[in-house]
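As C-alpha coordinates, the structure follows; a few thoughts come after it.
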Amino acid sequence: MDKQYDIVAIGTLAYDMILRTVDESVFTRDTTVLDEVGISVGGGAMLSAIAAQRLGRKTAVVGKLCTDAFSDYCIGVLEKAGVDTSYVTRSESDTMSLTFALVRQSGDRHFLGRMGSNNRSLTPADFDLSVVTRAKIVSYGSFLVLPGLDQEMLRIFRHARQAGALTVADCANDSYSQGPETVLRCLPEIDYFVPSQVEAEYLTGEHEPAMMAQRLLERGCRNLIIKLGEAGCYVTDGVTARIIPAFSVPHVSDTTGAGDNFVGGFMAGLLEGLDLFEAARYASATAAVSITGPGGEGALQNKSQVLEILKQSK
Ligand SMILES: Nc1ncnc2c1ncn2[C@@H]1O[C@H](COP(=O)(O)OP(=O)(O)OP(=O)(O)O)[C@@H](O)[C@H]1O
Ligand SMILES: [Mg+2]
(Lines give C-alpha, C1' and ligand atoms only; values in the text may rest on other atoms or scores of the structure.)
(Ligands and ions follow the chains in the order given, each with its own letter.)
Protein backbone atom coordinates (compact mmCIF):
# COMPACT_ATOMS: atom_id res chain seq x y z
CA MET A 1 0.00 0.00 0.00
CA ASP A 2 1.36 3.43 -0.94
CA LYS A 3 1.76 5.70 2.06
CA GLN A 4 2.10 9.47 1.97
CA TYR A 5 4.73 9.52 4.72
CA ASP A 6 7.55 7.24 5.75
CA ILE A 7 7.17 8.38 9.35
CA VAL A 8 4.61 10.25 11.42
CA ALA A 9 6.18 11.29 14.75
CA ILE A 10 3.65 12.21 17.43
CA GLY A 11 4.54 13.91 20.70
CA THR A 12 6.71 16.41 22.48
CA LEU A 13 8.01 19.61 20.93
CA ALA A 14 10.30 21.82 23.00
CA TYR A 15 12.91 24.55 22.88
CA ASP A 16 16.32 24.29 24.56
CA MET A 17 18.98 26.89 25.18
CA ILE A 18 22.48 25.81 26.17
CA LEU A 19 24.48 28.32 28.22
CA ARG A 20 28.16 27.52 28.65
CA THR A 21 30.24 28.10 30.86
CA VAL A 22 28.37 28.71 34.10
CA ASP A 23 29.31 27.87 37.70
CA GLU A 24 28.16 28.64 41.23
CA SER A 25 29.85 32.06 41.17
CA VAL A 26 27.33 33.65 38.79
CA PHE A 27 25.35 35.26 41.59
CA THR A 28 28.46 36.95 42.99
CA ARG A 29 28.77 39.12 39.88
CA ASP A 30 26.56 41.57 38.10
CA THR A 31 27.30 40.09 34.67
CA THR A 32 28.79 36.84 33.38
CA VAL A 33 30.03 36.61 29.83
CA LEU A 34 29.33 33.15 28.40
CA ASP A 35 31.71 31.21 26.17
CA GLU A 36 28.86 29.84 24.15
CA VAL A 37 25.12 30.17 23.75
CA GLY A 38 23.48 27.39 21.77
CA ILE A 39 19.87 27.24 20.72
CA SER A 40 18.33 23.90 19.88
CA VAL A 41 14.93 22.44 19.39
CA GLY A 42 14.06 19.58 21.74
CA GLY A 43 11.41 16.99 22.52
CA GLY A 44 11.07 13.39 21.42
CA ALA A 45 8.86 13.90 18.38
CA MET A 46 10.79 16.97 17.23
CA LEU A 47 14.27 15.44 17.42
CA SER A 48 13.42 12.00 16.09
CA ALA A 49 11.48 13.53 13.17
CA ILE A 50 14.34 15.85 12.22
CA ALA A 51 16.90 13.04 12.48
CA ALA A 52 14.83 10.71 10.29
CA GLN A 53 14.20 13.46 7.73
CA ARG A 54 17.93 14.26 7.58
CA LEU A 55 18.53 10.56 6.95
CA GLY A 56 16.34 10.82 3.88
CA ARG A 57 12.90 9.85 5.18
CA LYS A 58 9.68 11.74 4.44
CA THR A 59 8.50 12.67 7.90
CA ALA A 60 5.60 14.58 9.42
CA VAL A 61 5.44 15.70 13.02
CA VAL A 62 2.28 15.87 15.13
CA GLY A 63 2.30 18.09 18.21
CA LYS A 64 1.50 21.46 19.65
CA LEU A 65 3.46 24.70 19.64
CA CYS A 66 2.51 28.17 20.81
CA THR A 67 2.51 31.53 19.04
CA ASP A 68 5.66 32.88 20.75
CA ALA A 69 9.11 33.44 19.26
CA PHE A 70 10.39 30.11 20.69
CA SER A 71 7.72 28.29 18.72
CA ASP A 72 8.49 30.30 15.57
CA TYR A 73 12.07 29.13 15.93
CA CYS A 74 10.95 25.49 16.24
CA ILE A 75 8.76 25.75 13.13
CA GLY A 76 11.66 27.32 11.25
CA VAL A 77 14.00 24.44 12.13
CA LEU A 78 11.41 21.79 11.24
CA GLU A 79 10.67 23.42 7.89
CA LYS A 80 14.31 23.99 7.06
CA ALA A 81 14.95 20.30 7.73
CA GLY A 82 12.06 19.44 5.39
CA VAL A 83 9.75 17.94 8.03
CA ASP A 84 6.04 18.33 7.21
CA THR A 85 4.48 20.62 9.86
CA SER A 86 0.86 20.51 8.65
CA TYR A 87 -0.11 18.58 11.79
CA VAL A 88 1.49 21.00 14.23
CA THR A 89 -1.17 23.03 16.06
CA ARG A 90 -0.26 26.58 17.13
CA SER A 91 -2.00 27.47 20.39
CA GLU A 92 -2.48 31.05 21.63
CA SER A 93 -3.45 30.00 25.13
CA ASP A 94 -0.64 27.55 25.97
CA THR A 95 2.87 28.15 27.28
CA MET A 96 5.86 26.68 25.48
CA SER A 97 8.11 24.01 27.06
CA LEU A 98 11.54 25.58 27.58
CA THR A 99 14.79 24.26 29.01
CA PHE A 100 17.88 26.30 29.78
CA ALA A 101 20.91 24.06 30.25
CA LEU A 102 23.63 25.64 32.38
CA VAL A 103 26.86 23.86 31.50
CA ARG A 104 29.92 23.86 33.79
CA GLN A 105 33.54 23.67 32.66
CA SER A 106 33.50 19.94 33.42
CA GLY A 107 30.52 19.44 31.09
CA ASP A 108 28.07 18.80 33.97
CA ARG A 109 24.73 20.41 33.35
CA HIS A 110 22.00 21.92 35.43
CA PHE A 111 18.64 22.32 33.75
CA LEU A 112 16.34 25.26 34.43
CA GLY A 113 13.07 24.39 32.86
CA ARG A 114 9.45 25.25 32.37
CA MET A 115 7.32 22.22 31.50
CA GLY A 116 5.01 24.43 29.45
CA SER A 117 1.46 23.44 28.69
CA ASN A 118 1.95 22.88 24.95
CA ASN A 119 2.78 19.21 25.43
CA ARG A 120 0.66 18.67 28.53
CA SER A 121 -2.49 19.87 26.78
CA LEU A 122 -2.00 17.92 23.53
CA THR A 123 -5.00 15.62 22.95
CA PRO A 124 -6.39 13.69 19.96
CA ALA A 125 -8.73 16.65 19.38
CA ASP A 126 -5.69 18.68 18.26
CA PHE A 127 -5.06 16.69 15.09
CA ASP A 128 -6.68 14.62 12.40
CA LEU A 129 -6.20 11.08 13.69
CA SER A 130 -6.33 9.67 10.16
CA VAL A 131 -2.73 10.87 9.73
CA VAL A 132 -1.62 7.63 11.43
CA THR A 133 -3.08 5.65 8.54
CA ARG A 134 -0.90 7.52 6.06
CA ALA A 135 2.54 6.50 7.38
CA LYS A 136 4.73 3.42 7.16
CA ILE A 137 5.89 4.04 10.75
CA VAL A 138 4.01 5.85 13.51
CA SER A 139 6.14 6.84 16.49
CA TYR A 140 5.29 8.24 19.87
CA GLY A 141 7.79 10.26 21.89
CA SER A 142 7.44 10.30 24.73
CA PHE A 143 5.12 8.22 26.88
CA LEU A 144 4.37 9.63 30.38
CA VAL A 145 4.93 13.34 29.62
CA LEU A 146 1.83 13.74 27.45
CA PRO A 147 -1.05 13.10 29.87
CA GLY A 148 -3.66 14.17 27.30
CA LEU A 149 -2.48 11.51 24.84
CA ASP A 150 -0.92 8.77 26.96
CA GLN A 151 -4.26 7.22 27.89
CA GLU A 152 -5.39 7.36 24.23
CA MET A 153 -2.35 5.67 22.75
CA LEU A 154 -3.68 2.12 22.86
CA ARG A 155 -6.47 3.15 20.50
CA ILE A 156 -4.15 5.27 18.32
CA PHE A 157 -1.50 2.53 17.95
CA ARG A 158 -4.23 0.00 17.17
CA HIS A 159 -5.64 2.30 14.50
CA ALA A 160 -2.17 2.78 12.96
CA ARG A 161 -1.40 -0.96 12.94
CA GLN A 162 -4.77 -1.83 11.43
CA ALA A 163 -3.80 0.48 8.56
CA GLY A 164 -0.54 -1.44 8.13
CA ALA A 165 1.84 0.88 9.99
CA LEU A 166 4.66 -0.24 12.25
CA THR A 167 4.54 1.43 15.66
CA VAL A 168 7.47 2.71 17.72
CA ALA A 169 7.39 4.22 21.21
CA ASP A 170 9.88 5.91 23.50
CA CYS A 171 9.32 6.78 27.14
CA ALA A 172 10.26 9.53 29.61
CA ASN A 173 10.06 10.18 33.33
CA ASP A 174 6.60 9.76 34.79
CA SER A 175 6.13 13.49 35.38
CA TYR A 176 2.39 13.26 36.06
CA SER A 177 2.44 10.05 38.18
CA GLN A 178 0.31 8.15 35.71
CA GLY A 179 1.97 4.84 36.64
CA PRO A 180 3.71 2.08 34.62
CA GLU A 181 0.42 0.51 33.55
CA THR A 182 -0.21 3.49 31.24
CA VAL A 183 2.64 2.16 29.08
CA LEU A 184 2.55 -1.57 29.84
CA ARG A 185 -1.01 -2.04 28.63
CA CYS A 186 -0.01 -0.64 25.20
CA LEU A 187 2.94 -2.99 24.62
CA PRO A 188 1.01 -5.49 22.47
CA GLU A 189 0.28 -2.64 20.02
CA ILE A 190 3.89 -1.38 19.91
CA ASP A 191 6.13 -3.09 17.38
CA TYR A 192 9.36 -1.54 18.71
CA PHE A 193 9.62 -0.23 22.25
CA VAL A 194 12.70 1.96 22.87
CA PRO A 195 12.91 3.14 26.51
CA SER A 196 16.08 4.22 28.30
CA GLN A 197 17.47 2.09 31.12
CA VAL A 198 16.03 4.36 33.83
CA GLU A 199 12.60 4.26 32.20
CA ALA A 200 12.68 0.45 31.77
CA GLU A 201 13.65 0.17 35.44
CA TYR A 202 10.69 2.32 36.42
CA LEU A 203 8.30 0.26 34.29
CA THR A 204 9.48 -3.13 35.53
CA GLY A 205 11.07 -2.64 38.96
CA GLU A 206 14.05 -4.65 37.67
CA HIS A 207 17.70 -3.54 37.55
CA GLU A 208 19.23 -5.82 34.91
CA PRO A 209 18.36 -5.30 31.22
CA ALA A 210 17.71 -9.04 30.73
CA MET A 211 15.22 -9.03 33.61
CA MET A 212 13.60 -5.82 32.39
CA ALA A 213 13.24 -7.46 28.99
CA GLN A 214 11.65 -10.56 30.52
CA ARG A 215 9.05 -8.45 32.32
CA LEU A 216 8.26 -6.35 29.24
CA LEU A 217 8.06 -9.40 26.96
CA GLU A 218 5.64 -11.01 29.42
CA ARG A 219 3.40 -8.00 28.91
CA GLY A 220 3.34 -8.44 25.14
CA CYS A 221 6.35 -6.36 24.08
CA ARG A 222 7.34 -7.47 20.56
CA ASN A 223 10.80 -5.98 20.01
CA LEU A 224 12.70 -4.14 22.71
CA ILE A 225 15.67 -1.79 22.65
CA ILE A 226 16.82 -0.48 26.03
CA LYS A 227 19.12 2.53 25.63
CA LEU A 228 22.10 2.28 28.00
CA GLY A 229 23.86 5.61 27.36
CA GLU A 230 27.56 5.19 26.62
CA ALA A 231 27.22 1.44 27.31
CA GLY A 232 25.18 1.13 24.10
CA CYS A 233 21.84 -0.64 23.96
CA TYR A 234 20.24 -3.98 24.84
CA VAL A 235 18.23 -5.40 21.96
CA THR A 236 15.89 -8.38 21.87
CA ASP A 237 13.12 -9.77 19.72
CA GLY A 238 12.15 -12.25 22.43
CA VAL A 239 14.29 -15.01 20.90
CA THR A 240 17.75 -13.49 20.55
CA ALA A 241 19.21 -10.81 22.84
CA ARG A 242 22.31 -8.73 22.15
CA ILE A 243 24.14 -5.74 23.58
CA ILE A 244 25.13 -3.36 20.81
CA PRO A 245 28.03 -1.20 22.04
CA ALA A 246 27.99 2.56 21.53
CA PHE A 247 30.25 3.99 18.84
CA SER A 248 33.20 6.15 19.85
CA VAL A 249 33.42 9.73 18.68
CA PRO A 250 36.53 11.92 18.91
CA HIS A 251 34.81 14.47 21.17
CA VAL A 252 31.51 14.22 23.04
CA SER A 253 30.07 17.73 23.07
CA ASP A 254 26.58 17.18 24.54
CA THR A 255 24.51 14.01 24.95
CA THR A 256 21.19 15.87 25.23
CA GLY A 257 18.71 14.28 22.85
CA ALA A 258 20.93 11.28 22.04
CA GLY A 259 18.00 8.98 22.78
CA ASP A 260 15.66 10.87 20.48
CA ASN A 261 18.19 10.91 17.65
CA PHE A 262 18.64 7.18 18.29
CA VAL A 263 14.90 6.65 17.70
CA GLY A 264 14.99 8.74 14.50
CA GLY A 265 17.96 6.73 13.26
CA PHE A 266 16.32 3.46 14.24
CA MET A 267 13.21 4.22 12.19
CA ALA A 268 15.31 5.33 9.21
CA GLY A 269 17.26 2.07 9.54
CA LEU A 270 14.08 -0.03 9.51
CA LEU A 271 12.95 1.81 6.39
CA GLU A 272 16.30 0.99 4.76
CA GLY A 273 15.25 -2.64 5.16
CA LEU A 274 17.55 -3.41 8.10
CA ASP A 275 16.52 -6.01 10.67
CA LEU A 276 16.03 -5.18 14.36
CA PHE A 277 19.70 -5.61 15.32
CA GLU A 278 21.10 -3.86 12.26
CA ALA A 279 18.64 -0.98 12.71
CA ALA A 280 19.74 -0.65 16.35
CA ARG A 281 23.34 -0.38 15.17
CA TYR A 282 22.30 2.26 12.63
CA ALA A 283 20.48 4.06 15.48
CA SER A 284 23.61 3.96 17.66
CA ALA A 285 25.63 5.53 14.86
CA THR A 286 22.98 8.25 14.43
CA ALA A 287 23.05 8.98 18.18
CA ALA A 288 26.86 9.06 18.09
CA VAL A 289 26.78 11.76 15.41
CA SER A 290 24.21 13.75 17.40
CA ILE A 291 26.41 14.01 20.50
CA THR A 292 29.26 15.69 18.64
CA GLY A 293 27.53 19.10 18.81
CA PRO A 294 25.63 21.11 21.44
CA GLY A 295 21.89 20.47 21.87
CA GLY A 296 19.80 17.68 20.42
CA GLU A 297 19.69 19.06 16.90
CA GLY A 298 22.33 20.40 14.57
CA ALA A 299 25.25 17.98 14.63
CA LEU A 300 23.46 15.45 12.42
CA GLN A 301 22.98 16.91 8.96
CA ASN A 302 23.05 13.96 6.58
CA LYS A 303 23.30 10.23 6.11
CA SER A 304 26.96 10.25 5.09
CA GLN A 305 27.93 11.17 8.67
CA VAL A 306 26.16 8.05 9.92
CA LEU A 307 27.71 5.85 7.23
CA GLU A 308 31.15 7.13 8.23
CA ILE A 309 30.60 6.11 11.90
CA LEU A 310 29.24 2.72 10.79
CA LYS A 311 32.67 1.91 9.33
CA GLN A 312 33.83 1.33 12.93
CA SER A 313 33.79 -2.40 13.64
CA LYS A 314 31.15 -2.45 16.40
N1 LIG B 1 28.84 9.04 25.45
C2 LIG B 1 28.31 8.38 24.42
N3 LIG B 1 29.12 7.91 23.43
C4 LIG B 1 28.61 7.25 22.35
N5 LIG B 1 27.28 6.99 22.18
C6 LIG B 1 26.43 7.43 23.15
C7 LIG B 1 26.90 8.16 24.31
N8 LIG B 1 25.81 8.47 25.07
C9 LIG B 1 24.74 7.97 24.40
N10 LIG B 1 25.11 7.35 23.26
C11 LIG B 1 24.24 6.65 22.29
O12 LIG B 1 22.95 7.22 22.36
C13 LIG B 1 21.99 6.23 22.73
C14 LIG B 1 20.90 6.86 23.55
O15 LIG B 1 21.48 7.51 24.69
P16 LIG B 1 20.80 7.42 26.14
O17 LIG B 1 20.83 6.03 26.60
O18 LIG B 1 21.47 8.47 26.95
O19 LIG B 1 19.29 7.81 25.77
P20 LIG B 1 18.21 8.63 26.60
O21 LIG B 1 18.42 8.38 28.06
O22 LIG B 1 16.90 8.34 26.00
O23 LIG B 1 18.69 10.11 26.26
P24 LIG B 1 17.81 11.45 26.04
O25 LIG B 1 16.47 11.19 26.63
O26 LIG B 1 18.61 12.52 26.76
O27 LIG B 1 17.77 11.70 24.58
C28 LIG B 1 22.78 5.14 23.44
O29 LIG B 1 22.11 3.90 23.36
C30 LIG B 1 24.10 5.17 22.65
O31 LIG B 1 23.98 4.42 21.45
MG1 LIG C 1 15.12 9.62 26.20
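Residues that are over 14 Å from I7 (Cα atoms) and among the aromatic types (F, W, Y) were ranked within segment 116-162; the one that is surrounded by the fewest Cβ atoms within 10 Å (Cβ to Cβ) is F127.
Only one of the numbered conditions (1) crowded, with 20+ Cβ neighbours inside 10 Å; (2) touching an Asp or Glu at 6+ places or on another chain (Cβ under 8 Å) is violated by I225, and that is (2). Selection of first residues in segment 1-29 that are within 19 Å of N261 (Cβ to Cβ) and of second residues that are exposed (fewer than 15 other Cβ atoms within 10 Å of the Cβ), restricted to Cβ pairs under 8 Å at least 6 apart or on distinct chains, gives the following pairs, ordered by first then second residue: M17/V37; I18/E36; I18/V37. Residues of segment 49-74 that are assigned to a helix (DSSP H, G or I) and touching a strand residue (DSSP E or B) at 6+ places or on another chain (Cβ under 6 Å): A49, A52, Q53, F70, S71, C74. When segment 132-179 is limited to residues that are in a loop (DSSP other than H, G, I, E, B) and under 21 Å from D237 (Cα atoms), the one that is farthest from the chain's Cα centre (by Cα) turns out to be G164. Is it the case that some residue within segment 21-44 is in a helix (DSSP H, G or I) and within 21 Å of G141 (Cα to Cα)? Within segment 21-44, one or more residues are in a helix (DSSP H, G or I) and within 21 Å of G141 (Cα to Cα). Taking segment 228-252 as the search range and keeping residues that are of a type in the set (V, I, T) and within 22 Å of the chain's Cα centre (by Cα), which one is farthest from T292 (Cα to Cα)? Checked segment 228-252; the qualifying residue farthest from T292 (Cα to Cα) is T236. Taking the conditions exactly as written (in contact with a Cys (Cβ under 6 Å, 6 or more places away or on another chain) and not acidic (D, E)), does S139 satisfy them or not? No. Under the condition of being within 16 Å of ligand 2 (Cβ to nearest atom) and within 19 Å of L47 (Cβ to Cβ), which residue from segment 163-189 is surrounded by the fewest Cβ atoms within 10 Å (Cβ to Cβ)? Looking at the filtered set, the residue picked out is N173. Of the residues making up segment 101-114, those that are among the hydrophobic types (A, V, I, L, M, F, W, C) and either within 15 Å of ligand 1 (Cβ to nearest atom) or buried (at least 16 other Cβ atoms within 10 Å of the Cβ) (or both) are A101, L102, V103, F111. Residue count for segment 6-45 under the criterion of being out of contact with any helix residue (DSSP H, G or I) (no Cβ under 7 Å at 6 or more places or on another chain), surrounded by 15 or more Cβ atoms within 10 Å (Cβ to Cβ) and among the acidic types (D, E): the result is 1. Of the candidates E201, E189, E208, E218, the single residue that is among the acidic types (D, E) and within 21 Å of V138 (Cα to Cα) is E189.
Number of residues in segment 149-203 that are over 22 Å from L13 (Cα atoms), in contact (Cβ under 8 Å) with a residue 24 or more places away in the chain and within 16 Å of ligand 1 (Cβ to nearest atom) equals 4. Condition check: modelled with pLDDT of 95 or more, buried (at least 20 other Cβ atoms within 10 Å of the Cβ) and out of contact with any helix residue (DSSP H, G or I) (no Cβ under 7 Å at 6 or more places or on another chain). Does E208 satisfy that? No, not satisfied. Being assigned to a helix (DSSP H, G or I), surrounded by fewer than 20 Cβ atoms within 10 Å (Cβ to Cβ) and out of contact with any Leu (no Cβ under 9 Å at 6 or more places or on another chain) is a condition met by no residue of segment 234-241.
Scan segment 236-255 residue by residue and report those that are within 16 Å of ligand 2 (Cβ to nearest atom) and within 25 Å of I190 (Cα to Cα). Within segment 236-255, A246 is the sole residue that qualifies.
The values are calculated or read from the model by the stated rules, or taken from the named source; none is laboratory data. This structure is a prediction, so every number in the text was calculated from the model and none was measured. Virtual Cβ from ideal backbone geometry, glycine too; neighbours counted across all protein chains shown.
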